[in-house]
Amino acid sequence: MSITLYEAIIPSQLQILGSVHRLLGKAETFCAERNWADDEIIDARLAADMNPFAYQIKSVAVHSLGAIEGVRQGRFSPDQTLPPDSFSGLNERILATIAALEAIRPEEVEAFIGQDMCFEFGDNRMEFTAESFLLSFSQPNFYFHATTAYDILRWKGLTIGKRDFNGRVRKKPDVA
């Protein structure tokens, strides 16, 4: 059995983005229950030299939809804009990302295969094929930022587990 580039990327991104959306809701409720300002989580970071929770959420969008947009253009540079500074803003970003990914047709992603792709950041430049960029650069970054956001929530005290991260897995359909 072969797997397509679309199947290797988009459904898993949608799965984790759905989880991130639900985790944002849990984080907002957690803050409200404790009378915490939203910044308690939005600005939280695991270490002083790491980016905060809001950046992790933004980066989940950047390394999913942003990566696809980069492949469409043949060039990807990290998004240097500030992340949203509220749960509603973070949720809007994630929901817009989900909607845009759901609109992508598998044929478009398959047509990316073999296309030249360049990552640029300052003086750093790396050449890829589209599929190598998506699978070896953006996909690991996507999971890194999703995991870091999850870890920040655990560290702040949310009662969440692996199921909250994994979200809705794609099981084999029941056959009648």
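Any read-out appearing in this document is the output of simple, stated calculations on the displayed coordinates, not a laboratory observation. Note that the coordinates shown come from a computational prediction; the quantities given were computed from them, not determined experimentally. Every residue, glycine among them, receives a Cβ derived from its backbone with ideal geometry; neighbour counts consider all protein chains shown.
Structure summary
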| read-out | value |
| --- | --- |
| Subset of the range 3-32 [within 13 Å of the chain's Cα centre (by Cα) and under 30 Å from G114 (Cα atoms)] | I9, I10, P11, S12, Q13, L14, Q15, I16, L17, G18 |
| Number of the condition not met by N35 [criteria: (1) more than 18 Å from the chain's Cα centre (by Cα); (2) polar (S, T, N, Q); (3) outside any loop (DSSP other than H, G, I, E, B)] | (3) |
| Unique match (being surrounded by 15 or more Cβ atoms within 10 Å (Cβ to Cβ) and under 16 Å from the mean Cα position of the chain (by Cα)) among F133, F112 | F133 |
| Output for the range 92-121, where each listed residue is part of a loop (DSSP other than H, G, I, E, B) and either of a type in the set (D, E) or free of Cβ contacts under 8 Å to residues at least 40 places away in the same chain (or both) | A103, R105, G114 |
| Selection count, the range 3-59, where residues are in contact with a Lys or Arg (Cβ under 8 Å, 6 or more places away or on another chain), within 26 Å of E69 (Cα to Cα) and charged (D, E, K, R) | 1 |
| Number of the exception - G74 against (1) on the phi < 0 side of the Ramachandran plot; (2) in contact (Cβ under 8 Å) with a residue 24 or more places away in the chain | (1) |
| Given (1) touching a Ser or Thr at 6+ places or on another chain (Cβ under 9 Å); (2) in contact (Cβ under 8 Å) with a residue 60 or more places away in the chain, index of the condition L65 fails | (2) |
